[in-house]
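Asks: Handing you a structure now.
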Amino acid sequence: MKRNTLSFLVVGFFTVTAGMAAQVNAASQPQNLLSIQAQANASQAVPLRLRTQAQIVMKGGETRDGRVVKIDRKGQKLWIQASGEQRSLPLSQIENIIFPKSTPPPKSNRERRYRHGILPQAEAIWNNIPMSAFELKNAAKGEAVVQLSSPVVNSAQLKYILNVPKNKRFFVDEMRFNVQKKTMTIVVTPY
């Protein structure tokens with residue numbers, strides 16, 4: 001009788017333990033999967049700086065100079081300011097926008113000025129960014145933000161980008177637009 005009771009208790013103990021382990025595993029697994037998926041799909045705002053002057057290269061080879069003041073996604077136009085006047089250019093007619101590295105960045109009280117002669121880190125090319133992910137915050141100060149997520153950058157690249165020291169900024173060197181796909185390519189260099 002004692003042997004039957006003991007084996008009954010041992011079997012009961014293992015059954016209860018296995019059931020509890022299954023419950024804990026089942027409760028934690030979907031939550032971990034959901035949090036991993038959310039982290040992978042979450043976009044991160046990356047601050048960018050635009051230099052004061054840009055060279056806009058049109059598809060026919062003609063160039064225009066000025067400060068980029070607005071990118072109108074709905075109207076698909078780029079607004080530039082030159083000689084005190086603003087004018088618009090259709091995005092479909094623009095080959096690319098080049099921000100010459102010889103042009104100084106706008107002044108800001110919160111950051112160091114770029115000093116000519118200091119070599120920057122390697123440039124990065126971010127392709128297939130939805131146009132809706134780019135926002136020009138303050139044209140006068142050259143402040144912009146881009147929301148980066150997969151597939152533009154993978155999680156390791158995004159982690160690196162977000163860990164760039166706070167005293168550095170990503171300066172835009174070049175922008176290209178694909179109006180049909182409503183995407184853009186941005187070439188940046190951290191300074």
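Asks: Given H placed on each backbone N at 1.01 Å, which residues far from residue 48 in sequence or on other chains put an amide H within less than 5 Å of it?
Replies: Amide H neighbours of residue 48: 144, 145, 146.
Asks: Cut-off is 10 Å between beta-carbons; in what order do 131, 58 appear when sorted fewest neighbours first?
Replies: Numbers: 131 18, 58 14.
Listed from fewest to most nearby Cβ atoms, that is 58, 131.
Asks: Based on the alpha carbons, how large is the Rg to Rh ratio for the range 44-190 when Rh follows Kirkwood? Mind dumping the intermediate values first?
Replies: Details: Rg = 14.8 Å, Rh = 15.7 Å.
That ratio equals 0.94.
Asks: Follow-up question, since we're still on this one. Using amide H atoms built 1.01 Å from N in the peptide plane, name the residues 5+ places from residue 169, or on other chains, whose amide H lies under 5 Å from its own.
Replies: Under 5 Å from the amide H of residue 169 lie the amide H atoms of 191, each far enough along the sequence or on another chain.
Asks: Taking the highest mean first, how do the peptides 64-75, 153-164, 45-56 order by number of other beta carbon atoms within 10 angstrom per residue?
Replies: Numbers: 64-75: 15.6, 153-164: 13.1, 45-56: 18.7.
Result, highest mean Cβ count within 10 Å first: 45-56, 64-75, 153-164.
Only the coordinates and a few stated rules stand behind these numbers; no lab work does. What you are looking at is a predicted structure, and each value in this text was computed from that prediction instead of being measured. So basically every Cβ, Gly included, is an ideal-geometry build from the backbone, and we count neighbours across all protein chains shown.
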